[in-house]
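The values are calculated or read from the model by the stated rules, or taken from the named source; none is laboratory data. Every value quoted in this text rests on a predicted model; they were computed, and no experiment measured them. Note that each Cβ is placed from the backbone with ideal geometry, even for glycine, and that neighbours are counted across all protein chains shown. Side chains are part of the model used for accessible areas, which takes the heavy atoms of the whole protein and leaves out ligands, DNA and RNA. Shrake-Rupley method; radii C 1.70, N 1.55, O 1.52, S 1.80 Å.
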Amino acid sequence: MEGGGNLEAAIEQLLNVEKQMRLAGDVAGTKKAVTEILQLCFEAKAWKTLNDQIVLLSKRRGQLKQAVTAMVQQAMQYIDQTPDLETKIELIKTLNSVAAGKIYVEIERARLIKKLAKIKEEQGLIAEAADLMQEIAVETFGAMAKTEKIAFILEQVRLCLDRQDYVRAQILSRKISPRVFDADPSKDKKKPKEGENMVEEAPADIPSLLELKRIYYELMIRYYSHNNDYLEICRCYKAIYDIPSVKGNPEQWIPVLRKICWYLVLSPHDPMQSSLLNATLEDKNLSEIPQFRLLLKQLVTMEVIQWTALWSTFKDEFENEKSMLGGALVEKAAEDLRQRIIEHNIIVVSKYYSRITLQRLAELLCLSIQEAEKHLSEMVVSKSLVAKIDRPVGVVCFQMTKDSNDILNSWASNLEKLLDLVEKSCHQIHKETMVHKAALRA
């Protein structure tokens, strides 16, 4: 009790000093008095008194901004030294209530919320942690370091994915432009102009920009895996593959390159997929995994692929992905792989045939007539292919229907070519006649 009395007397004395300094407008003196009050409470381990003093000092009339900032920053150092979790949460909540609505301690408030969200997550309250994190819009904080902002938004995205709120995760992920990861950090450090806020240094526990890039793309892979958007997953792996620390380590880039190859094969045929496919085939590192080079070569070659032969060759590689970096492929991967091979085969057939019977098409695809018709119809609906099926006759026509203008244009060009040929022939005949006449005269 005696120690408590001494503490109260010392606080009372310092509060009088703080009042004099505050009314005199002495910033340094006010800051010193405020921090000393907190230090006394901390040394006496009087956590309830500490919380009360923080609230009391922040509400004093005409309290200086610098004093509130110094007080919040000082109290934040005590958070990790609290005796138990309950005291820790109470101190965080007290500081959060003091910092709420004050723009000059917005960064400190964001860090407090992050700590509180981490505690909630450890307790298994993921939804509460996600809601807490979403209260803070760090993208508007001018004084916060760029890496810290990115790390905070990525934490928001991760919590949304953990609670399976995919819509909000996508909205939050759009706050980060992928181009920010390609910026050179050494060039970003500009001298602030007069009147501008100084950008704070990021705390030591914040990852570097390249590490954040990897975290960002790993989270985006989780998001796109939910929608089975194979091409976007492939592009995310490609971005991870291009990180220098990954490219320099075969233990890291081999599993990533394998994933790129698998997701390229699983992606529906379109110009972007075709471009990525050719770019990956030109990669010299692909020679280290010849099986996958062969797989991509088969897709580029305009030949029908036998599904049974392909699956027997690559089934073991497909199963091995579970033990690789990044884990197994998405659930529907095996089913979709077969679908892509069928689509590839239909495109190959359309290149070689203008008209083909459904019976022959089904034989080439190793499917029943009904299945072949189903897959063909799906491709026509998705505009991957132009085809018409004459069901009574059982014939598929891959030719495009031309309108009257196109037909007239083709006729006109054909007539032009024909007249050119006639003119050339006449010229050649005239030339030969002249040569013969000259020979006879001689």
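Are any of the residues in the stretch 178-186 assigned to a loop (DSSP other than H, G, I, E, B), open to solvent by 10 Å² or more (accessible area, probe 1.4 Å) and modelled with pLDDT under 75?
Scanning the stretch 178-186 turns up at least one residue that is assigned to a loop (DSSP other than H, G, I, E, B), open to solvent by 10 Å² or more (accessible area, probe 1.4 Å) and modelled with pLDDT under 75.
If we keep just the residues of the stretch 145-177 that are hydrophobic (A, V, I, L, M, F, W, C) and open to solvent by 60 Å² or more (accessible area, probe 1.4 Å), which is farthest from the chain's Cα centre (by Cα)?
Val167
Considering only residues that are under 23 Å from Val138 (Cα atoms) and either at pLDDT 85 or above or in a helix (DSSP H, G or I) (or both), which ones fall in the stretch 191-221?
Leu209, Leu210, Glu211, Leu212, Lys213, Arg214, Ile215, Tyr216, Tyr217, Glu218, Leu219, Met220
So Ser354 clears everything in (1) open to solvent by less than 60 Å² (accessible area, probe 1.4 Å); (2) in contact with a Phe, Trp or Tyr (Cβ under 7 Å, 6 or more places away or on another chain); (3) more than 22 Å from Asp270 (Cα to Cα) except one condition, right? Which one?
Ser354 satisfies all of (1) open to solvent by less than 60 Å² (accessible area, probe 1.4 Å); (2) in contact with a Phe, Trp or Tyr (Cβ under 7 Å, 6 or more places away or on another chain); (3) more than 22 Å from Asp270 (Cα to Cα) except (3).
Please enumerate the residues belonging to the stretch 145-177 that are out of contact with any helix residue (DSSP H, G or I) (no Cβ under 6 Å at 6 or more places or on another chain), closer than 29 Å to Lys102 by Cβ, outside any helix (DSSP H, G or I) and in contact (Cβ under 8 Å) with a residue 24 or more places away in the chain.
Answer for the stretch 145-177, where residues must be out of contact with any helix residue (DSSP H, G or I) (no Cβ under 6 Å at 6 or more places or on another chain), closer than 29 Å to Lys102 by Cβ, outside any helix (DSSP H, G or I) and in contact (Cβ under 8 Å) with a residue 24 or more places away in the chain: just Ala145.
So which residues in the stretch 46-55 are within 16 Å of Leu85 (Cβ to Cβ) and either among the basic types (Lys, Arg) or not in a helix (DSSP H, G or I) (or both), if there are any at all?
Scanning the stretch 46-55 gives a single hit, Lys48.
Is it true that some residue in the stretch 212-230 is open to solvent by 30 Å² or more (accessible area, probe 1.4 Å) and among the hydrophobic types (A, V, I, L, M, F, W, C)?
Yes; the residues of the stretch 212-230 include at least one that is open to solvent by 30 Å² or more (accessible area, probe 1.4 Å) and among the hydrophobic types (A, V, I, L, M, F, W, C).
(1) closer than 28 Å to Pro250 by Cα; (2) out of contact with any His (no Cβ under 9 Å at 6 or more places or on another chain): which one isn't true of Thr308, the others all being true?
Checking Thr308 against (1) closer than 28 Å to Pro250 by Cα; (2) out of contact with any His (no Cβ under 9 Å at 6 or more places or on another chain), the one that fails is (1).
For residues that are farther than 22 Å from Tyr104 by Cβ and surrounded by fewer than 16 Cβ atoms within 10 Å (Cβ to Cβ), tally how many sit in the stretch 40-64.
Number satisfying all stated conditions: 4.
So that you can scan it fast, the table gives a plain yes or no per residue for (1) open to solvent by less than 50 Å² (accessible area, probe 1.4 Å); (2) at pLDDT below 75; (3) in contact with a helix residue (DSSP H, G or I) (Cβ under 8 Å, 6 or more places away or on another chain):
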position	(1), (2), (3)
Val98	yes, no, yes
Leu112	yes, no, yes
Lys115	no, no, yes
Ala129	yes, no, yes
Leu132	yes, yes, yes
Ala143	yes, yes, yes
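Matching residues to (1) part of a helix (DSSP H, G or I); (2) surrounded by fewer than 10 Cβ atoms within 10 Å (Cβ to Cβ); (3) of a type outside the set (Lys, Arg):
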site: Arg360; (1), (2), (3): yes, no, no
site: Glu373; (1), (2), (3): yes, no, yes
site: Val386; (1), (2), (3): no, no, yes
site: Gln399; (1), (2), (3): no, no, yes
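Within the stretch 401-442, which residues are assigned to a loop (DSSP other than H, G, I, E, B) and more than 30 Å from Val380 (Cα to Cα)? Spell out the reasoning first.
Filtering the stretch 401-442 down to residues assigned to a loop (DSSP other than H, G, I, E, B) leaves 401-403, 442.
Passing the criteria: only Ala442.
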